[in-house]
Amino acid sequence: MRPPDESPVPDRDVEPSRAIVEAVAEREGVDVTEIEPPAYDPLYAVVNPEALDRLVGSPDAPGVHVRFEYEGYDVVVSPDGRVWVSDPGDPSERRIGE
């Protein structure tokens, strides 16, 4: 099993929506430009990327973690913008809030 992809320090130059696509591409072993239809669903099919980017780090939502499934992976975005992408159901992979 591969460990979850985690950005070690929040990179405010990369929006969480972009970091998610980059992490999924890495897990899939493809270039980030390949994460597009028809092979992959667009991120907006499961979450509003603009709303996600605004929510993360917002003073109106301190401490909020966002969790959803995308392309068969569990995705967690922390309040400081870190992104975890892991295989669903794998207890060896780090989970936020569990």
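Miscellaneous remarks
- With both labels modelled 7 Å from their Cα along Cα-to-Cβ, the ALA61 to ASP31 distance reads 3.3 nm.
- Rounded to the nearest 20 debye, the dipole magnitude of the stretch 5-86 is 320 debye, with +1 charges on Lys and Arg beta carbons, -1 on Asp and Glu beta carbons, and the Cα centre as origin.
- Calculated FRET efficiency for the pair ALA39/PHE68, C-beta based, R₀ 22 Å, to 0.05: 0.65
- For the stretch 72-85, backbone phi angles converted through the Karplus equation (6.51, -1.76, 1.60; θ = phi - 60°) give residue-by-residue couplings of x, 10, 7, 10, 10, 10, 7, x, 8, x, 5, 10, 10, 10 Hz, Gly and Pro being listed as x.
- In terms of the mean number of neighbouring beta-carbon atoms within 10 Å, the peptides 42-53, 21-32, 57-68, 76-87 order highest first as 76-87, 21-32, 42-53, 57-68.
Read-outs: derived from the displayed coordinates by stated rules, not from any lab. Note that the structure is a prediction, hence the values are computed from the model and not measured. All Cβ positions, even for glycine, are placed from backbone atoms using ideal geometry, and neighbour counts span all protein chains on display.
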